[in-house]
Amino acid sequence: DRYAGDTEDQDNSQSVTGYHDYKMTVPRVEKEGYDVWMIPYNIRMIRYADVLLLYAEALNENGKASNALVYVNKIRERARNTNPVDPRRSKQAYIPPTTNNTLPDITATGQTELRQAIWHERRCELAMEGWRRDDLMRQKRFGETMRAYADKYNTTKGANFTDSRDYLLPIPQDEIDKSNNVLTQNEG
């Protein structure tokens, strides 16, 4: 890919696969005249899509699946209506094809089915943004996911996650002391 004003393609040599996450890429031409950390872009602390998906998940968990669908499908509608051609690029290596069936609305109405759909939507929508581990921990699926990864790739990386211990954060000693030992340390 090449951005307008650039004279050469983006360098993906740091990537083992040759693929690179362009999600938050700032073209070189837009960085000119700025220090590396002082570019004129907003730093996103939390995205609107993240808020909508968390809200949809909360609605679903509270038995309001039809209300949850509205918010999940807002995310999909925005994605459907986004032009796959990046207007900042003068050369784009891949332009995904789109049809009327691209990213249809989610229609699941059962709580379990909708929960899975919301979790999948979070995984796709927030990819490469650093929230996946937090989501898996919150959903109590991190241990299962890491053990499946370890089994699949015959590695011990992630295999020693102990659910009863590792889903918990330790209670700060200061808080235990303030409680006059009413609180006791958990396994975390």
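We did not get these values from a lab; they are worked out from the coordinates using the rules stated. Note that the structure is predicted; figures quoted are calculated from it, not measured. Backbone-built Cβ (ideal geometry, glycine too); neighbour counts: all protein chains shown.
Expressed as an acute angle from 0 to 90° and rounded to the nearest 10, what is the orientation of the C-alpha long axis of helix 48-61 relative to the principal long axis of the chain?
40 degrees
Taking chymotrypsin sites (Phe, Trp or Tyr not before Pro) as candidate sites, keep only those in a DSSP loop with at most 12 other Cβ atoms within 10 Å, then name the longest stretch of the chain containing none of them.
Values: sites that count: TYR19, TYR34, TRP37, TYR41, TYR94, TYR153.
Longest gap between qualifying sites, sites excluded: 95-152.
Excluding the sites themselves, what is the longest stretch of the chain that contains no trypsin sites (Lys or Arg not before Pro) in a DSSP loop with at most 11 other C-beta atoms within 10 Å?
On the way: sites that count: LYS23, ARG44, LYS140, LYS157.
Within the chain, the longest run free of exposed trypsin sites (Lys or Arg not before Pro) spans 45-139.
Assuming R0 = 45 Å, what is the FRET efficiency of THR102 and ASN186, from their Cβ-Cβ distance, to the nearest 0.05?
Values: r = 46 Å, r/R0 = 1.03.
E(calc), rounded to 0.05, equals 0.45.
Once you've got the GNM for the chain with C-alpha springs shorter than 10 Å, pick whichever of LEU59, LEU136, LEU168 has the biggest mean-square fluctuation.
Largest GNM mean-square fluctuation: LEU168.
I need to check one value: relative contact order of the chain, counting alpha carbon pairs closer than 8 Å and at least 6 residues apart, in percent.
Values: 148 pairs, mean separation 30.9, N = 188.
Relative CO of the chain lands at 16 percent.
So if each residue of separation counts as 0.36 nm, and I subtract the Cα-Cα distance between ARG123 and ILE39, what length gain in nm does that give? Provide the component values of the computation, followed by the final result.
Working: separation 84, 0.36 × 84 = 30.24 nm, distance 2.80 nm.
Here the answer is 27.4 nm.
Across 10 Å bins from 0, what is the distribution of all Cα-Cα pair distances for the stretch 45-138, in whole percents?
15, 43, 31, 10, 1
I'd like the orientation of helix 65-80 relative to the chain: the angle between its Cα long axis and the longest Cα principal axis, in ° from 0 to 90, rounded to 10.
30 degrees
Note the per residue figure in Å³ for the convex hull of the C-alpha positions in the chain. Walk me through the intermediate numbers first.
Working: hull volume 39.0 nm³, N = 188.
Hull volume over Cα atoms, normalised by residue count, gives 207 Å³.
With a point put 7 Å past each Cα toward its Cβ, work out how far ILE46 is from VAL29 in nm, to one decimal.
Computed distance between label sites ILE46 and VAL29 equals 3.6 nm.
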